[in-house]
Amino acid sequence: MTQSAKNQVRAANAAFYAAFREGSMEAMEALWSRREAISVFHPNVRGIEGRNAVMRSWNTILAEATPPDIAPVEISLILSGKTAMTICEEWLGTARMIATNIFADEDGVWRMVHHQATRLPATPDAGRETDTGKGRGETG
């Protein structure tokens, strides 16, 4: 994969977190695939499949709650053909999640096909500062 493809996936991943932080349903909808099967596993919720159901779940989250101050950290990137995956920690105040985001290349645009987030147990260094850039462990 080219450096350009890696940068495009990083930008798509960053756009996902920006849409989440901003509470923008319009931006969230634009990020997700319209051609591929999609799914989401929100914390403590059974998996949701299909574009209509996934978008309804995001609308509920974005419309009914204050947008979270969410930051992805220690981002790993894996590229394989027309599929890309980012794995990162999500920091929401003192809460820590582990998340996987999967993207598919649709005519040169990386669209999200899956998001999964699960709460991590609290750790003694939960308040530490870290770089929100590429992260250490990036592959691909």
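The values are calculated or read from the model by the stated rules, or taken from the named source; none is laboratory data. Fair warning: this is a prediction, and the values are worked out from it, not measured in the lab. Cβ placement follows ideal geometry from the backbone for every residue including glycine, while neighbour counts extend to all protein chains displayed.
Among the residues of segment 40-71, those identified as under 18 Å from residue 26 (Cβ atoms) and among the charged types (D, E, K, R) are 51, 56, 64.
Taken over segment 23-61, the criterion of being exposed (fewer than 12 other Cβ atoms within 10 Å of the Cβ), more than 15 Å from residue 117 (Cα to Cα) and among the basic types (Lys, Arg) is satisfied by 34, 35.
Scanning segment 71-89 for any residue that is more than 30 Å from residue 4 (Cβ to Cβ), modelled with pLDDT under 95 and out of contact with any Pro (no Cβ under 6 Å at 6 or more places or on another chain) turns up nothing. Within segment 62-99, the set of residues being within 17 Å of residue 41 (Cβ to Cβ) and surrounded by fewer than 16 Cβ atoms within 10 Å (Cβ to Cβ) comprises 92, 95, 98. On inspection, residue 89 fails the criterion of being over 18 Å from residue 10 (Cβ atoms) and either touching a His at 6+ places or on another chain (Cβ under 6 Å) or acidic (Asp, Glu) (or both).
Sub-6 Å Cβ pairs linking a first residue in segment 101-117 that is in contact (Cβ under 8 Å) with a residue 24 or more places away in the chain and crowded, with 18+ Cβ neighbours inside 10 Å to a second residue that is part of a strand (DSSP E or B) and of a type in the set (Lys, Arg), at least 6 apart or interchain, are 104/111, ordered by first then second residue.
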